[in-house]
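The values are calculated or read from the model by the stated rules, or taken from the named source; none is laboratory data. All figures in this text were calculated on a predicted structure; none of them were measured in a lab. Here the Cβ is made from the backbone with ideal geometry for all residues, glycine too, and neighbour counts use every protein chain on show.
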């Protein structure tokens, strides 16, 4: 049986973002990125059977754009080229959400996704460290996230990055 894992990480120093050869980061740029994000989600979770259904633009809008915590500068895309000379394409994404209101709102990892062909190259760690650095810069010292026990690769990434089960 799959269980939801609640995890947290206390930040003691500002995280350093690792260099990943051939990868660059950018923020959400507007409505054209909705399909980019949907495609990443579709590919990253294609083999998951935990109620992950295909989404449309309306779902993206409900999940992000209509939320009070939503800010384009807290959604990052990792881009890379798989072939020399080819324009970069999005290979990963992460969003920083806030749970709760006001200064006590918890910073939360929201939808970390990496294309399967780009996993194991440091893209997930780059995205996670970028989000954590943004939390640090905003005076935050702890990050929370939720994943599933069946997503072993994700759980290993989070554990290696210092995340532990939340109380």
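Taking segment 52-77 as the search range and keeping residues that are in a loop (DSSP other than H, G, I, E, B) and out of contact with any helix residue (DSSP H, G or I) (no Cβ under 7 Å at 6 or more places or on another chain), which one is nearest to residue 34 (Cα to Cα)?
It comes out as 56.
Could you please find all residues in segment 149-167 being part of a loop (DSSP other than H, G, I, E, B), over 15 Å from the mean Cα position of the chain (by Cα) and within 17 Å of residue 113 (Cβ to Cβ)?
150, the sole residue that qualifies.
Answer with yes or no whether residue 125 is under 25 Å from residue 81 (Cα atoms) and out of contact with any strand residue (DSSP E or B) (no Cβ under 9 Å at 6 or more places or on another chain).
So residue 125 passes the test.
Across segment 38-51, what is the total count of residues that are assigned to a helix (DSSP H, G or I) and modelled with pLDDT under 95?
4
Mind checking which residues of segment 107-123 are on the phi > 0 side of the Ramachandran plot, outside any strand (DSSP E or B) and modelled with pLDDT under 95?
Selection gives 120 alone.
Filtering segment 38-72 down to residues that are in contact (Cβ under 8 Å) with a residue 60 or more places away in the chain and within 21 Å of residue 130 (Cα to Cα), which residue is surrounded by the fewest Cβ atoms within 10 Å (Cβ to Cβ)?
Among those residues, the one meeting the criterion is 41.
Do you know which residues across segment 91-102 are surrounded by fewer than 20 Cβ atoms within 10 Å (Cβ to Cβ) and in contact (Cβ under 8 Å) with a residue 40 or more places away in the chain?
99
Name the single residue that is modelled with the lowest pLDDT among those in segment 130-148 being assigned to a strand (DSSP E or B) and closer than 23 Å to residue 120 by Cβ.
148
Table: residues versus (1) surrounded by 14 or more Cβ atoms within 10 Å (Cβ to Cβ); (2) within 18 Å of residue 16 (Cα to Cα).
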{"residue": "76", "(1), (2)": "yes, yes"}
{"residue": "79", "(1), (2)": "yes, no"}
{"residue": "117", "(1), (2)": "no, no"}
{"residue": "124", "(1), (2)": "yes, yes"}
{"residue": "134", "(1), (2)": "yes, yes"}
{"residue": "148", "(1), (2)": "yes, no"}
{"residue": "167", "(1), (2)": "no, no"}
